[in-house]
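Written below as C-alpha cells is the structure these notes are about.
Where a number appears in this text, it was derived from the coordinates with a stated rule and is not lab data. Predicted, not measured: the structure shown is a model, and the values here were computed from it. Cβ: placed from backbone, ideal geometry, glycine included. Neighbour counts: every protein chain shown.
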Amino acid sequence: MRKRRDPRAEQAARLLPGGPRPRYGLKVVATETDRPRRNPRAERKAATVSESPRLRIAWKGGVAPQAGTLDAPASRGAPKVRIIAEPAFHVLVIAGAGEIDRQMIGAARLIADAGGGAVCIASSTEAEDWADAGADRLMPLSGLEVGTYDPEAHAAAVLAAIASLKPAHVLFPETPGGGDIARRVAARLGERLFAGVEDIRDGRAIRRANGGRDAMSVAVPRLLSIAAGAFARHEGAPHEARRIEGPGFEPVRKGIMQAKAMPVDPDSIALAEADFLLSGGNGVSDWDAFAELAVLLGATRGGSRVVCDQGHLPRDRQVGASGTLVTAGCYFALGISGAPQHLQGIQRVGRVVAVNTDLHAAMIKRADLAIVADAQEVMPALIRLLAQRKDTAE
Amino acid sequence: MRIAVLLSLGLHPASGRARRAELDAKALELALRLAETVPDAELHAVHAGDPDAGALRDYLGMGLDRLHVLDVAQGADPVPALNRHLNEIRPDLVLTGMRAEAGEGSGMVPYLVAEALEASLVADVAGISDLADEATVIQALPRGRRRQVRLRLPAVLPFNAAAPEPRAPAFARARRGIIERHRAESVPDDFLEACENTLWRARPKRMGLPAGATAAERMKAMTEARAGEGQVMVHPTPDEAAAALYDYLVEHRFLDLQAREPTANGQK
C-alpha cells in the first residue's frame, strides 16, 4: 500500500531562497510519511450499519444493527428469548381485563427490570401470547368459572397466588372489575392499595389524588393498580412465559348468591357508551322503519347532523364533531355519505357497516362492509330477514 | 332495618371548593327513598372529619334530620373511627359512594368497612330493586350494561355515577338539621405521610408506535384517517344486501337474536 503524502514538507521543498516575500518553484517533489494512505471508501463501508430501508452510518461506532437491516434476519434467525432464570423478586400481574393486560406487563417490566426481577402473569384464560407480551412466568388461576361474576372467588384465587409466589409487587388493572378484585384483596391483606397508578419513574409510582389535582408519589408499593392507557406495552424481545404451578384455593364465604345480566333498553344508553349503533342520515326517509330496525337489531339509535336538524332524532343522538364522539364496537350507517365532521365522530369506532347510494362517498371508503344501494330499499329487506330469523330462532 | 350512609366532603372539579360529594349524595338519595318505602327503616348518616365544614349542611338539606360526625383530625385515617362507630350500631345496609372526591380517593373505605363488618359487597351499584332478608341490587357495567346481583345482608353498597341523580338541598332543612359530634380517636396515617404530593402536571407519554419501516410510513399511519377493510357490494338487490349485512353482523357477534331481547319501551 502507498504511504501517505506530506503536503507541508512538499511545499517547504519548493520554497525558493531570497527575496522579501516567499516564492515557490514548480518543481514536483515527492515526499512520503511513514503512515499508510487512507481508504475513505473502505472506512465508509466498515462504518455502514445498514443500507436498506435507509442508509445508516455510525462514524463513531458502537451502534447495534437495527431490526430490518438486509442481512440481519438471515444471521439472527428467530428473535432471541430473554430468560430470567433466578429473579431477585417477582412482580405479579393479575390479568383478565383485555387490552390493559399488556400495558400492565409493560409497567411490570419497568419495575422488574430496574432490580433484576421477573414478571409473573396470573391469568384464568390461556388464549393470549404472554411470551410476546413480556411475561417471564405464567401462573394459571384454575378453578374459576370463566364468564361468571364471582369476585369473591376471584379475590380468593388471587390471595392464594400471592401466598404461593410471595411477590414483591402485585399489579391490578384499574378497571371496574379489576379494581374491585384489587380492593377486596387489599382489604383482606390489610395493606394499602396505591390505586390508579399513571406513571412509574425513578423507582416511584405516581397517581393522581385530591380530585386529580395533585400527583401523589411513593416508592413503588406492594399493591398497586394501573390506570388504563397509562403505560406503553412491552416492545422488546419476547420473554419465556414459563408455566409455573398455580395455587389451589379454598372456597370463601359467599355474600353474592346470584348474578345475571339484565336486558337494557338500547336507547337509554348514552351515545358515547353504546356498543352497537344504528345511525341514519339524509338517505333515510322512513323513520318508523328505522326505529323498527333498531329494535330488531338491539342497537342504539343515532344520526347525522342533518337528521337531528330536521328533528327526526333528538339532538343528543347526533354523531359527529358537533355531536357525540362515539366509541361503539360496530357502527351501522344508513344513508350517510360521511362528512369530515361525521367521520371525526366515528374515529374510535371498531367496525363500520355502511349503506349508501353513492359509490364515491367518504363513508363507503371508511366502511369495513360497504353496500352501494338505497338505504330505503335495504331497510325493509333487512327487517323482513331479521323477523324471519327471529321466528326460526324461537 | 338499620341503614347507614357514609358521607364524605366533596371537591368541586372546576373551582376546587368543598361541596357534597356527588356519589355520596346519590347514596343518600337512595337511602332517603328506602327510608320512605321500607317499613321500620332507621337511617343513620355518618361523616368522619371536621364537624364545622359548611358543605356538610348540603346533606342535611336533602332531608336528613341528623348527621353523626366523628371528629377525626385532618390527615388522620378515618377508617378505624368509622369501623368502631359502625360496629356499635351494626347496620344491615351501608350505602356510600365508590370513592371520595377529595383526599387520597383510593376507593378503599367501602371495602375496609365491609371487611370489618364481615359484610358482603357489590361494587358499582346503580340501584336497589328489592330489599328483604337479602338485597337485590342493580350493578352498572361499562357500555351501559346492567347486572342484577342478589346478596346477603349485612351488605356494603358503594354507588356508581349511574345511580339516580340526588335531590337538590333545601336551605331551610339544611339550617334545621342537626350535626351531632362524636369524639373519635385520630389514628395518624403513616402511609400518606410517606407520600409526596405535588401539583399534577400532564406529561407527554410515548405509547406504542405503529410498526413501519420508514418514518414517512409511521407518520402516515399515525395521522391518516382509518380506511376500512374495503369489502364493497355495488348495487346488489335489497335481499342480497340484507343477507350480506346479516351475515357480517352475526360473524362479528354484534347480532345475537337469542341474547339481545329488545325491551318493550325500545320503540319510542
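Overview of results
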{"read-out": "Cα centre as origin, Lys/Arg/Asp/Glu Cβ charges: chain A dipole, Debye", "value": "3680"}
{"read-out": "Fraction of antiparallel bridges per DSSP, chain A only, in percent to nearest 5", "value": "25"}
{"read-out": "Diffusion coefficient, µm² s⁻¹, Stokes-Einstein with Kirkwood Rh over alpha-carbon pairs of segment A:150-247 at 25 °C and 0.890 mPa s", "value": "167"}
{"read-out": "Segment A:194-292 - convex hull of the alpha-carbon atoms, volume per residue in Å³", "value": "321"}
{"read-out": "GNM top mover of B:Pro158, B:Pro238, B:Pro80 - chain B, alpha-carbon springs below 10 Å", "value": "B:Pro238"}
{"read-out": "Distance from segment A:1-52 to segment A:106-126 (C-alpha centre basis), Å", "value": "60"}
{"read-out": "Relative exposure of A:Tyr149, B:Tyr246, B:Tyr111, A:Tyr24, judged by other C-beta atoms within 10 Å (fewest first)", "value": "A:Tyr24, B:Tyr246, A:Tyr149, B:Tyr111"}
{"read-out": "Normalised contact order of segment B:2-194, rounded percent, pairs of Cα under 8 Å and 6 or more residues apart", "value": "29"}
{"read-out": "Long-range Cα-Cα pairs in segment B:27-149 (distance over 21 Å), rounded percent", "value": "44"}
{"read-out": "DSSP-defined antiparallel bridges as percent of all bridges, segment B:2-194, nearest 5", "value": "40"}
{"read-out": "Fraction of antiparallel bridges per DSSP, the protein assembly as shown only, in percent to nearest 5", "value": "35"}
{"read-out": "Taking all pairs of distinct alpha-carbon atoms in segment A:251-361, Kirkwood radius in angstrom", "value": "14.7"}
{"read-out": "For segment A:345-394 versus segment A:157-209, the gap between their alpha-carbon centres in whole angstrom", "value": "44"}
{"read-out": "Dipole of the protein assembly as shown, positive end: most advanced residue of B:Tyr59, A:Ser304, A:Ser217 [Cβ charges, Cα centre]", "value": "A:Ser217"}
{"read-out": "Ascending count of other beta-carbon atoms within 10 Å, so fewest first, for B:Phe254, A:Phe194", "value": "B:Phe254, A:Phe194"}
{"read-out": "For B:Gly105, net neighbour charge (Lys/Arg +1, Asp/Glu -1) across residues whose Cβ lies under 11 Å away", "value": "+1"}
{"read-out": "Relative intensity, log₁₀ I(q)/I(0), of segment B:119-189 from a Debye sum that treats every alpha carbon as a point, q = 0.16, 0.20 Å⁻¹", "value": "-0.79, -0.87"}
{"read-out": "Extension gain from A:Arg2 to A:Glu273, taking 0.36 nm per residue of separation minus the Cα-Cα distance", "value": "89.9 nm"}
{"read-out": "Contact order normalised by residue count of segment A:142-211, Cα under 8 Å, 6+ apart, percent", "value": "22"}
{"read-out": "Size of electric dipole in segment B:1-140: Cβ of Lys, Arg +1 and of Asp, Glu -1, about Cα centre, debye, nearest 20", "value": "400"}
{"read-out": "Computed [θ] at 222 nm, helices only, for the protein assembly as shown once each DSSP H run of length n ≥ 4 contributes -39500 (n - 2.57)", "value": "-8500 deg cm²/dmol"}
{"read-out": "Flagged links, alpha-carbon separation over 27 Å, of A:Lys260/A:Lys390; A:Lys45/B:Lys205; A:Lys166/A:Lys260; A:Lys60/B:Lys220; A:Lys3/A:Lys27", "value": "A:Lys45/B:Lys205; A:Lys166/A:Lys260; A:Lys60/B:Lys220"}
{"read-out": "Furthest towards positive pole of dipole, A:Gln318, A:Gly283, A:His360, structure part the protein assembly as shown, Cβ charges", "value": "A:His360"}
{"read-out": "Stokes-Einstein D in µm²/s, Kirkwood radius over Cα pairs - the protein assembly as shown at 20 °C with 1.002 mPa s viscosity", "value": "72"}
{"read-out": "Inter-label distance for A:Lys260 and B:Arg84, nm, one decimal - labels placed 7 Å from Cα along Cα-to-Cβ", "value": "4.6"}
{"read-out": "Per-pair calculated FRET efficiency, R0 = 56 Å: B:Asp190 and B:Asp65 via Cβ, rounded to 0.05", "value": "0.90"}
{"read-out": "Value of D in µm² per second that Stokes-Einstein yields for segment A:264-304, Kirkwood Rh from Cα pairs, at 10 °C (1.306 mPa s)", "value": "154"}
{"read-out": "Most positive-pole-ward Cα, B:His44, B:Ala25, B:Asn83, against dipole of chain B from beta carbon charges", "value": "B:Ala25"}
{"read-out": "Radius, Kirkwood style, for chain B when every pair of distinct Cα atoms is counted (Å)", "value": "22.2"}
{"read-out": "Hydrodynamic radius (Kirkwood) for chain A, which is based on Cα pairs only, to one decimal in Å", "value": "27.3"}
{"read-out": "Chain A, relative contact order in percent, only Cα pairs under 8 angstrom and at least six apart counted", "value": "11"}
{"read-out": "Net dipole in debye of segment A:328-394 [+1 Lys, Arg Cβ; -1 Asp, Glu Cβ; about Cα centre; nearest 20]", "value": "260"}
{"read-out": "Length added when fully stretched, A:Thr125-A:Ala85, from 0.36 nm per residue minus Cα-Cα", "value": "12.0 nm"}
{"read-out": "Exposure proxy ranking, count of Cβ atoms within 10 Å, fewest first, for B:Thr198, A:Thr175", "value": "B:Thr198, A:Thr175"}
